[in-house]
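Since the structure comes first, as structure tokens, the remarks are kept for the end.
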Amino acid sequence: MPTPQRSVLRLALTLLAASATPLATCAADSVWLTDLDLTQLHFAGWRKPTIVQPSAAAPAPAPKGKAPAATPTLKIAGRTFDRGVGTFVTSALWLELDGRAERFEAMVGVDDSAADKQAAVIFSIIGDEKKLWDSGVIARGAAARKVDVPLAGVRSLLLKIECATEPKPNHFADWAEARFAFAGERPRTVRVPREEAVILTPAASAAPRLNGPRVYGCRPGNPFLYRIPTTGERPMTFAAEGLPPTLTLDAARGLITGTAPARGTFAVTLRARNARGEATRPFKIVSGSTLALTPPMGWNHWYAHYNRITDAMMREAADIMVRTGMADVGYAYVSIDDCWSNIPDSPAAQAKRPDPARVGPARDAQGNILTNRHFPDMRALTEHIHAHGLKAGIYTSPGPLTCAGFAASYEHEEQDARQFAAWGFDFLKYDWCSYGRIVPGDATLAARQKPYRQMGSLVERLPRDVVFNLCQYGHGNVWEWGEAVGGQCWRTADDLGGHLSSLFDVALKNAEHRAWSRPGAWNDPDYVQIGWIGDARGGGEPQPCPMTPTGQYSFMSLWALMAAPIFYSGDLTHLDAFTLNVLCNPEVIDIDQDPLGESARVVKLTRDTFLMIKTLDDGSKAVGLGNRGDVPVEITAKWSDLDVTGPQRVRDVWRQRDLGVSDTAYRARVPRHGVVLLRMATAK
Ligand code: GLA
């Protein structure tokens, strides 16, 4: 039953709405935040926002024998609000206004349901890149605070809530009784603020440029395949001086194949020539036990296609990587993620209405894992990928099922590892999902390491070079032991998909583990999700990602600074000139692939800005001036902060442009969520 107060409020609103319609041009109208499209809200964590409307206050009658559903409420310091939005923090909501919005009013605070007793947040309201209002720190238990912000003239508005605590758990906070008064157009929520997608990088020259790693690891006696990543006009002729005799070069295609030589280091000089010129580049082959001497690069299907992936899509991905030039700057692995095996049939599985072509027995009579009907012939698939000179990746889990509920490798680890190698895979991502059923959450570290140690030693002994990628979200400080159990890279955190508004926080957290980053051992903060990606929370079809163009550049800048594996995980069939430009700047990729393998150090960190510096193999430095805040700022990189001395030649890496010599500092205006990426060398 509606309460009398609610009825009065509803009547008042009805009258307001009725009277506002014909008078819209001269009188302020009003709209509740909860009446706008809140699917555009960005929020951390997996729990959906709580949207409370007075009409939702009366719960639906409970089905017979069941307890009634809890009525959603917002409560701040014991005071209940029957209208508003409660969300996990960090949360951000962008709105477009027409300049004639008058004000925004709300009551704000940490919701009493926030699990963490120490929860504290900061609300802020940004209009046209200027801070209009900031709550300061509001702790859990503090009375709701009133917000009343004039909006005259504002066109782009951001309502933001951030954690004020460190670390940043998922606090829950409310915009209660939030509404806009406006004279013109009704405010409209948008996924990202409008920003022009500027292509910063000049087109690759027609003359050859040799790209990709300068150092490459392989294991003696294993099959060897390397496509020399090179931009420039075709036809092109390749040469490789100093190749060990077990390897041969296809001079027209730039493919090196054969058998990895006996242990040793081979200093090769690669050469590429076309009608426009010639380029050379050193390429050191290190045959031994360590793979991935530079961070692996490639494409992974997950954030684009989820459980829609097929053999045909994987083949097409390899074709596109070659056709678009991604392979010419170093993208090499074409990786299938989850959903290639069968969902074991059961009433519970059927209740989820799976694609019938993905349901079937997990294994054959000999215990061999079976592919589902969308993957009719794995061997033929990897051959297709290898024929392009690219490499193939696969995914499984140590538990009985993968995260998406498909058959995985529990108690068949050795058989599966051999199978993957026999199919021709070159990369294995080993997830954690459902292994939690095998070991309890409070199991010892050794018990939680066990499946990785086991698979690591199996993979190491395969008759193929298979890069081993641990995906257990950073549990047990995996960066400290991932290498020891045979891994070459390990996810340092939960899935970044669906949380792209926390990109900077995730990156800065990942950078804390820099001491463990070195050739053959890489911290993996998850895939690069720019261009078109699927909705990670709902597994939806690809659409433009929820990041501004500036944010997309920052993604790559941060990953390159941190020497992170660069796996693009977007829809290749929707690649446009902008996305390709962000993915394929060879000077940015050189920073990621630098042979020293150093991950950048954060040398200065304020609430909104930071400086990162990474030493490169040739003695030069890569420097990032980062702004994770929501308004543009001037950032000064002082040589004293960066620990460099003397005049420095500064280069803008994205624009591939020299900026001259600076004596003591470099200052730049950094857009919101931007990273200015520089390369600096001591001026002679
Ligand atoms: C986990 C991983 C993701 C992806 C999915 C597949 O969530 O972290 O990267 O592999 O499983 O189900």
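Out of segment 95-150, which residues are of a type in the set (Ser, Thr, Tyr) and either outside any strand (DSSP E or B) or open to solvent by 50 Å² or more (accessible area, probe 1.4 Å) (or both)?
Result: SER113, single match.
Does at least one position in segment 423-430 carry a residue that is touching a residue at least 60 places away in the same chain (Cβ under 8 Å), more than 16 Å from the ligand (Cβ to nearest atom), buried (at least 23 other Cβ atoms within 10 Å of the Cβ) and among the charged types (D, E, K, R)?
yes
State whether the residues of segment 292-314 include one that is away from the ligand (no atom under 16 Å from the Cβ), over 23 Å from TRP522 (Cβ atoms) and among the basic types (Lys, Arg).
Among the residues of segment 292-314, not one is away from the ligand (no atom under 16 Å from the Cβ), over 23 Å from TRP522 (Cβ atoms) and among the basic types (Lys, Arg), which makes the answer no.
Yes or no: ILE309 among the aliphatic types (A, V, I, L, M) and within 21 Å of the chain's Cα centre (by Cα)?
So ILE309 fits the description; yes.
Only one residue in PRO565, PRO542, PRO546 is more than 20 Å from THR201 (Cβ to Cβ) and surrounded by 24 or more Cβ atoms within 10 Å (Cβ to Cβ), so which one is that?
The conditions single out PRO565.
Looking at segment 299-355, which of its residues are open to solvent by less than 50 Å² (accessible area, probe 1.4 Å) and small (Gly, Ala, Ser)?
Selection gives ALA304, ALA317, ALA318, GLY325, ALA327, GLY330, ALA332, SER335, SER341, SER346, ALA349.
Of all residues in segment 338-375 being among the charged types (D, E, K, R) and at pLDDT 95 or above, which is farthest from ALA536 (Cα to Cα)?
Per the criteria, the residue is ASP364.
Take the residues of segment 459-482 that are among the acidic types (Asp, Glu) and more than 30 Å from ILE533 (Cβ to Cβ): which is farthest from the ligand (Cβ to nearest atom)?
Taking the candidates together, the pick is GLU460.
Out of segment 369-409, which residues are over 21 Å from ALA351 (Cβ atoms), under 23 Å from the mean Cα position of the chain (by Cα) and part of a loop (DSSP other than H, G, I, E, B)?
Passing the criteria: LEU390, SER397.
Restricting to segment 483-534, name every residue that is more than 13 Å from the ligand (Cβ to nearest atom), at pLDDT below 95 and small (Gly, Ala, Ser).
Across segment 483-534, the qualifying residues are SER501, SER502.
Is it true that some residue in segment 445-458 is part of a loop (DSSP other than H, G, I, E, B) and away from the ligand (no atom under 16 Å from the Cβ)?
So far as segment 445-458 goes, no, none of its residues is part of a loop (DSSP other than H, G, I, E, B) and away from the ligand (no atom under 16 Å from the Cβ).
Restricting to segment 431-444, count the residues that are within 16 Å of the ligand (Cβ to nearest atom) and open to solvent by 30 Å² or more (accessible area, probe 1.4 Å).
Matching residues across segment 431-444 total 3.
Across segment 224-238, which residue is nearest to ASP590 (Cα to Cα) among those that are surrounded by 16 or more Cβ atoms within 10 Å (Cβ to Cβ) and not β-branched (Val, Ile, Thr)?
By that ranking, first place goes to PRO229.
Might you let me know whether segment 478-490 holds any residue that is in contact with a strand residue (DSSP E or B) (Cβ under 7 Å, 6 or more places away or on another chain), within 27 Å of SER205 (Cβ to Cβ) and in contact (Cβ under 8 Å) with a residue 12 or more places away in the chain?
no
Conditions first: (1) under 25 Å from PRO295 (Cα atoms); (2) within 16 Å of the ligand (Cβ to nearest atom). HIS374 passes all but one, so which condition is the exception?
Of the numbered conditions (1) under 25 Å from PRO295 (Cα atoms); (2) within 16 Å of the ligand (Cβ to nearest atom), the odd one out for HIS374 is (1).
Check whether at least one residue in segment 202-211 is of a type in the set (Lys, Arg), under 30 Å from VAL675 (Cα atoms) and open to solvent by 30 Å² or more (accessible area, probe 1.4 Å), and report yes or no.
Scanning segment 202-211 turns up at least one residue that is of a type in the set (Lys, Arg), under 30 Å from VAL675 (Cα atoms) and open to solvent by 30 Å² or more (accessible area, probe 1.4 Å).
The values are calculated or read from the model by the stated rules, or taken from the named source; none is laboratory data. Every value quoted in this text rests on a predicted model; they were computed, and no experiment measured them. Using ideal geometry, Cβ is built from the backbone for each residue, glycine included, and neighbour counts are taken over all protein chains shown. Ligands, DNA and RNA are stripped out before the accessible areas are found, and what is left, the full protein with its side chains, is counted by its heavy atoms. Shrake-Rupley method; radii C 1.70, N 1.55, O 1.52, S 1.80 Å.
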